[in-house]
Each structure stands twice: as structure tokens, then as C-alpha cells.
Amino acid sequence: MPASDYLDLARAEPGRVVAYSVVPVLVALAQLANVLHHGISPVYPGLFALALIAFAALAAQYHVAANRVEEAWSATAGQSAD
């Protein structure tokens, strides 16, 4: 996923980028900070944080692809079938 496609998505739909890419990473970091603060075992919270980061990466790829398809359809919507 090129960075330019991700930046195009961020310009087109900033709320979606924040909700699906930024928030899960921030929650993962908060979870890891909570583990360090309370001194508990980092195994399960670490796996949870890893799953959140993986979700953020996959969601970003999906939304970039959906944005590309939407742009492609909007570019060809006014053209004739000839």
C-alpha cells in the first residue's frame, strides 16, 4: 500500500482513517502502558495489542482499496459504453 494512496484516503475521509487506523493503535499503546503501570504479566495484553495493530493495518488496506474502487467508478460514471 503506497503512502500516497493512504494520504488520498486521509484527505477524502479523515474520520474513517482516525476511527480504523489511529484509534486501535492508541488503544494498544494505552493497554501496554497500563500493563507497565500495574506491573502485571504482559502476555495477554500484549497479544491483544498485537491484534489491534493487525486490525488497524488490515482495515487501512481495505479502506484504501475501497477508496480506489470508488474513485475508479466515479471517474468512469459519466463516460459512454462505446
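Taken over the range 1-59, residues that are among the basic types (Lys, Arg) and in contact (Cβ under 8 Å) with a residue 12 or more places away in the chain amount to 1. Every condition in (1) surrounded by 13 or more Cβ atoms within 10 Å (Cβ to Cβ); (2) modelled with pLDDT under 95 is met by GLN79 except one, and the failing one is (1). Give the number of residues within the range 37-47 that are in a helix (DSSP H, G or I), of a type in the set (A, V, I, L, M, F, W, C) and either surrounded by 11 or more Cβ atoms within 10 Å (Cβ to Cβ) or touching a Gly at 6+ places or on another chain (Cβ under 6 Å) (or both). The number of residues fulfilling the criteria is 0.
The values are calculated or read from the model by the stated rules, or taken from the named source; none is laboratory data. Keep in mind that this is a model prediction, so the values were computed, not measured. Quick reminder, even Gly has a Cβ in these numbers, built from the backbone with ideal geometry, and neighbours come from all protein chains shown.
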